[in-house]
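The values are calculated or read from the model by the stated rules, or taken from the named source; none is laboratory data. Worth saying up front: this structure is predicted, and the values here are computed from it rather than measured. Because the Cβ atoms are built from the backbone with ideal geometry, glycine has one as well, and the counts that use them run over all protein chains shown.
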Amino acid sequence: MYFTDVVFQKKAPSEAFRGWEAFIEMHASDTAAVVGLSLGFEDSFARELAANMLGLDPDGMPDEDVRDALQELANMVAGNCVVLLGPEKWRLGLPRAHSGLVFPPTVTHGVGMSAAGHFVGWAWCRRE
(Lines give C-alpha, C1' and ligand atoms only; values in the text may rest on other atoms or scores of the structure.)
Protein backbone atom coordinates (compact mmCIF):
# COMPACT_ATOMS: atom_id res chain seq x y z
CA MET A 1 0.00 0.00 0.00
CA TYR A 2 1.25 3.47 -0.84
CA PHE A 3 1.45 6.13 1.87
CA THR A 4 2.81 8.95 -0.25
CA ASP A 5 0.79 11.98 -1.33
CA VAL A 6 1.52 13.53 -4.70
CA VAL A 7 0.15 16.68 -6.28
CA PHE A 8 -0.41 16.67 -10.03
CA GLN A 9 0.73 19.74 -11.93
CA LYS A 10 -0.84 20.84 -15.20
CA LYS A 11 2.45 20.87 -17.05
CA ALA A 12 4.95 18.06 -17.32
CA PRO A 13 8.67 18.86 -16.92
CA SER A 14 10.73 19.60 -19.99
CA GLU A 15 14.12 18.22 -18.90
CA ALA A 16 15.37 14.66 -18.52
CA PHE A 17 16.44 13.37 -15.10
CA ARG A 18 18.03 10.24 -13.61
CA GLY A 19 15.48 7.90 -12.13
CA TRP A 20 12.98 5.20 -13.04
CA GLU A 21 10.31 4.78 -15.68
CA ALA A 22 7.43 2.28 -15.64
CA PHE A 23 5.36 1.65 -18.78
CA ILE A 24 2.31 -0.42 -19.68
CA GLU A 25 0.04 -0.62 -22.72
CA MET A 26 -3.73 -1.00 -22.81
CA HIS A 27 -5.11 -2.67 -25.95
CA ALA A 28 -8.65 -2.15 -27.26
CA SER A 29 -10.42 -5.45 -27.97
CA ASP A 30 -12.57 -4.18 -30.84
CA THR A 31 -10.06 -1.93 -32.64
CA ALA A 32 -6.32 -1.72 -33.13
CA ALA A 33 -6.08 1.16 -30.63
CA VAL A 34 -3.26 1.02 -28.11
CA VAL A 35 -2.91 3.44 -25.22
CA GLY A 36 0.43 3.64 -23.43
CA LEU A 37 0.75 4.77 -19.81
CA SER A 38 4.17 5.90 -18.57
CA LEU A 39 5.22 6.91 -15.06
CA GLY A 40 8.61 8.54 -14.49
CA PHE A 41 10.07 9.06 -11.00
CA GLU A 42 13.24 10.45 -9.51
CA ASP A 43 15.31 7.65 -8.00
CA SER A 44 14.78 8.59 -4.36
CA PHE A 45 11.01 8.91 -4.82
CA ALA A 46 10.82 5.60 -6.70
CA ARG A 47 12.61 3.93 -3.79
CA GLU A 48 10.25 5.61 -1.31
CA LEU A 49 7.23 4.33 -3.25
CA ALA A 50 8.69 0.82 -3.41
CA ALA A 51 9.56 0.88 0.30
CA ASN A 52 6.04 1.97 1.20
CA MET A 53 4.53 -0.73 -0.99
CA LEU A 54 6.79 -3.50 0.32
CA GLY A 55 7.02 -2.33 3.93
CA LEU A 56 10.82 -1.99 3.72
CA ASP A 57 13.45 0.66 4.33
CA PRO A 58 14.25 2.58 1.11
CA ASP A 59 17.97 2.79 1.96
CA GLY A 60 19.84 -0.05 0.35
CA MET A 61 16.75 -1.41 -1.39
CA PRO A 62 17.76 -3.64 -4.31
CA ASP A 63 16.94 -2.34 -7.78
CA GLU A 64 14.96 -5.52 -8.46
CA ASP A 65 12.51 -4.61 -5.67
CA VAL A 66 12.13 -1.06 -7.03
CA ARG A 67 11.54 -2.43 -10.53
CA ASP A 68 8.93 -4.94 -9.31
CA ALA A 69 7.09 -2.33 -7.26
CA LEU A 70 6.97 0.19 -10.12
CA GLN A 71 5.76 -2.46 -12.55
CA GLU A 72 2.99 -3.30 -10.09
CA LEU A 73 2.13 0.40 -9.69
CA ALA A 74 1.82 0.78 -13.48
CA ASN A 75 -0.35 -2.35 -13.55
CA MET A 76 -2.59 -0.98 -10.78
CA VAL A 77 -3.05 2.43 -12.42
CA ALA A 78 -3.71 0.96 -15.87
CA GLY A 79 -6.02 -1.66 -14.36
CA ASN A 80 -8.13 1.11 -12.86
CA CYS A 81 -8.21 2.83 -16.26
CA VAL A 82 -9.42 -0.39 -17.90
CA VAL A 83 -12.21 -0.71 -15.32
CA LEU A 84 -13.32 2.86 -16.05
CA LEU A 85 -13.09 2.41 -19.84
CA GLY A 86 -14.87 -0.94 -19.86
CA PRO A 87 -13.04 -4.17 -19.00
CA GLU A 88 -14.86 -6.03 -21.76
CA LYS A 89 -13.35 -3.62 -24.30
CA TRP A 90 -9.73 -3.35 -23.07
CA ARG A 91 -6.92 -5.67 -21.99
CA LEU A 92 -3.59 -4.90 -20.33
CA GLY A 93 -0.13 -5.60 -21.68
CA LEU A 94 2.79 -6.53 -19.44
CA PRO A 95 4.32 -3.71 -17.39
CA ARG A 96 8.00 -2.83 -17.79
CA ALA A 97 10.28 -0.66 -15.67
CA HIS A 98 13.89 0.45 -15.98
CA SER A 99 16.30 2.84 -14.34
CA GLY A 100 18.48 5.41 -16.06
CA LEU A 101 17.92 8.67 -17.85
CA VAL A 102 14.19 9.44 -17.89
CA PHE A 103 13.06 11.69 -20.71
CA PRO A 104 10.02 13.93 -20.37
CA PRO A 105 6.90 13.12 -22.33
CA THR A 106 6.83 14.49 -25.86
CA VAL A 107 3.04 14.48 -25.94
CA THR A 108 0.59 16.96 -24.52
CA HIS A 109 -1.16 14.42 -22.31
CA GLY A 110 1.36 14.55 -19.49
CA VAL A 111 1.37 15.94 -15.97
CA GLY A 112 4.14 16.63 -13.51
CA MET A 113 4.05 15.30 -9.95
CA SER A 114 5.35 16.84 -6.75
CA ALA A 115 5.48 15.69 -3.14
CA ALA A 116 6.11 17.99 -0.20
CA GLY A 117 6.56 20.84 -2.69
CA HIS A 118 9.35 19.13 -4.68
CA PHE A 119 9.27 17.67 -8.19
CA VAL A 120 9.23 13.85 -8.04
CA GLY A 121 8.18 12.74 -11.52
CA TRP A 122 5.59 12.76 -14.27
CA ALA A 123 2.84 10.67 -15.82
CA TRP A 124 1.59 10.59 -19.41
CA CYS A 125 -0.64 8.69 -21.78
CA ARG A 126 -0.44 8.37 -25.53
CA ARG A 127 -2.62 6.69 -28.08
CA GLU A 128 -0.97 4.79 -30.91
Practice item. Scan region 84-97 and report the pairs whose first residue is more than 23 Å from Ala69 (Cα to Cα) and without any contact (Cβ under 8 Å) to a residue 12 or more places away in the chain and whose second residue is outside any strand (DSSP E or B) and of a type in the set (S, T, N, Q), with Cβ atoms within less than 7 Å and a gap of 6+ or a chain change. Key: none
Point to revise | Filtered residues of region 36-68 (kept if part of a helix (DSSP H, G or I), more than 19 Å from Asp5 (Cβ to Cβ) and touching a helix residue (DSSP H, G or I) at 6+ places or on another chain (Cβ under 7 Å)) | key: Asp65, Val66
Revision key, fill the gap. Within region 98-121, the count of residues that are free of Cβ contacts under 8 Å to residues at least 60 places away in the same chain and in contact with a strand residue (DSSP E or B) (Cβ under 8 Å, 6 or more places away or on another chain) comes to 2
Review point. On the given criteria, is Arg67 more than 19 Å from Arg126 (Cβ to Cβ), modelled with pLDDT of 90 or more and not hydrophobic (A, V, I, L, M, F, W, C)?
Key: yes
Revision key, fill the gap. If we ask which residues in region 85-98 are surrounded by fewer than 16 Cβ atoms within 10 Å (Cβ to Cβ) and under 26 Å from Ser44 (Cα atoms), their number turns out to be 3
Practice item. Output the number of the condition that Gln71 fails; it satisfies all remaining conditions of (1) closer than 13 Å to Gly19 by Cα; (2) part of a helix (DSSP H, G or I); (3) touching a residue at least 40 places away in the same chain (Cβ under 8 Å); (4) of a type in the set (S, T, N, Q). Key: (1)
Revision key, fill the gap. Filtering region 101-128 for residues that are assigned to a strand (DSSP E or B) and either aliphatic (A, V, I, L, M) or surrounded by 11 or more Cβ atoms within 10 Å (Cβ to Cβ) (or both) leaves a count of 17
Check your understanding: Restricted to region 1-34, and to residues that are more than 15 Å from Ala74 (Cα to Cα) and of a type in the set (D, E, K, R), which residue is modelled with the highest pLDDT?
Key -> Arg18
Exercise for review: Kindly check whether there is at least one residue in region 17-35 that is of a type in the set (Val, Ile, Thr), surrounded by 19 or more Cβ atoms within 10 Å (Cβ to Cβ) and either under 15 Å from the mean Cα position of the chain (by Cα) or part of a helix (DSSP H, G or I) (or both).
Suggested key: yes
